[in-house]
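J.: Sharing a structure with you now.
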Amino acid sequence: MKKSAMLHSANQTGTFLLSLDTELAWGYFDCLNPQDFSSDGQLERQGIHALLDLFREFNIHATWAVVGHLFYETCEKCEPCPVKAWEGKYDSFSQVYASDSRLWYGADVINAILEDGEMHEIAFHGYTHRPFNETTMRRDEARFEIEEWLRLAQRKGLAPRTVIFPRNVIGHLELFQEYGFTSYRGAELPSPCYAIPILGRGLKRYHRYLSSFISAPGYRHEDFQSNGLLNLPSSQHLFGFDQVVSRRVNALNLHRWITRTVTDGIRNAAREKKIFHLRAHPNDFRDDKDFDMLRGICQIVSEEVKSGRLTSLRMDNLADMVIREAILPV
Ligand SMILES: [Zn+2]
Ligand SMILES: [Zn+2]
């Protein structure tokens, strides 16, 4: 989409946001199970390229939140490197430090995302994927994670403004504001049905399989909360469902059926001019059915965009519009 086409009023249409936690093996730095990954990082890369192809086909914008060490081609023995503290503590140390393992270094992945230019945003996802828990991460440690990440992003001329917190642990927001970030992905919105006494817990786990009447929630611009940064909460984690059940559903070829909560949520957002924010990890897409599930979602987003009721945006673009309109009301 041309930039001019995106410069509409922030709430003339519904908005589709997609954020992807892009980390190769970093998400599991302290609990690595090598069987969860390919040995050479090739499978994970194929997945990322397949996603980029799909987004190009349907003109879908995305926010790719990357771990800082992925900017390196190989370990540069950054000083002081926080990974050194993993020695004797986590098995992953020997894979990461002084290595060029393609599961831990991914400059090529970031370059591939950047090749699509304005389509995609590169966002912050920690320098080492350490959670920003304010009781276990001191302020100076948080500052270090941010500054090191920015140092590497600047090598590519990037000035990122969006934060996706590692493991969704939100903390040290005032520091992010200081460094010019404008928005972050907040905790997933609960569906109103989860509040139903007793029944709610079961619905939370299984409603994707039981009912087509409940859609994942969207939200309105006026619902935005600002803590110095705009909170753009997730509406649904695409793969946040029971894995045993979903394998059975996939085996029955019903994988598109279980995304009804997402597709209904997107249709509602288009109809009611709400924001629908889908999140996933590129690593979550493991087989053809996973990609076909996303293809179904992209088709619906594309249909709604063509009908003029929905806009696919990066998180930074949406934050810009909201901030600009708050400053300069029409
Ligand atoms: Zn390092
Ligand atoms: Zn992560």
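J.: Mind checking the stretch 58-137 for trypsin sites (Lys or Arg not before Pro) that DSSP puts in a loop (not H, G, I, E or B) and that have at most 14 other Cβ atoms within 10 Å?
T.: In loop regions of the stretch 58-137 (DSSP not H, G, I, E or B), the sparsely surrounded trypsin sites (Lys or Arg not before Pro) are K77, K89.
J.: Using a cut-off of under 14 Å, list every residue of the stretch 47-88 whose amide N is near the label point 7 Å from the Cα of N133 along the Cα-to-beta-carbon line.
T.: none
J.: If you don't mind, there's one more thing I want to ask. Under a point-charge model restricted to the Cβ atoms of Lys and Arg (+1) and Asp and Glu (-1), what is the dipole moment magnitude of the chain relative to its Cα centre, in debye to the nearest 20?
T.: The calculated dipole for the chain is roughly 1140 debye.
J.: What is the fewest-to-most order of H172, H49 by other Cβ atoms lying within 10 Å of their Cβ?
T.: The fewest-first ordering by Cβ neighbours comes to H49, H172.
J.: Measuring from label point to label point, each 7 Å out along Cα→Cβ, what is the V245 to C31 span in nm?
T.: For V245 paired with C31, the spin-label model returns 2.1 nm.
J.: Specify which residue in the list V249, L20, F144 is farthest towards the positive end of the charge dipole of the stretch 3-327, using unit charges on the beta carbon of Lys, Arg (+1) and Asp, Glu (-1), about the Cα centre.
T.: The listed residue farthest towards the positive side: V249.
J.: Please list, in order along the stretch 159-175, the HN-Hα scalar couplings obtained from phi with the Karplus expression 6.51 cos²θ - 1.76 cosθ + 1.60 (θ = phi - 60°), rounded to whole Hz, x for Gly and Pro.
T.: Coupling constants for the stretch 159-175: 10, x, 10, 10, 10, 10, 6, x, 6, 6, 8, 8, x, 6, 4, 5, 5 Hz.
J.: If you project the alpha carbons of the stretch 91-171 onto their three principal axes, what span does each projection cover, largest first, in Å?
T.: That works out to 39, 31, 21 Å along the principal axes.
J.: Going by how many other beta carbons lie within 10 Å of each one, how would you line up I266, I146, fewest first?
T.: I146, I266
J.: Given the DSSP H assignment, sum -39500 (n - 2.57) over each helix run of at least 4 residues in the chain and divide by its residue total; what's the result at 222 nm in deg cm²/dmol, nearest 500?
T.: It comes out at -11000 deg cm²/dmol, rounded to the nearest 500.
J.: Amide H to amide H under 5 Å from V169: which residues, 5+ apart in sequence or cross-chain, H placed 1.01 Å off N in plane?
T.: F132
J.: Can you compute the radius of gyration and Dmax for the chain, using only the Cα atoms, both in Å?
T.: 19.5, 59
J.: Next question. Using amide H atoms built in the peptide plane, which far-off residues or other-chain residues are under 5 Å from S312 H to H?
T.: Long-range HN contacts for S312: F16.
Since every read-out is calculated from the coordinates, none of them should be taken as a lab result. Remember, predicted model here, so these are calculated numbers, not experimental data. As a convention, Cβ positions derive from the backbone with ideal geometry for all residues, glycine included, and neighbour counts pool all protein chains shown.
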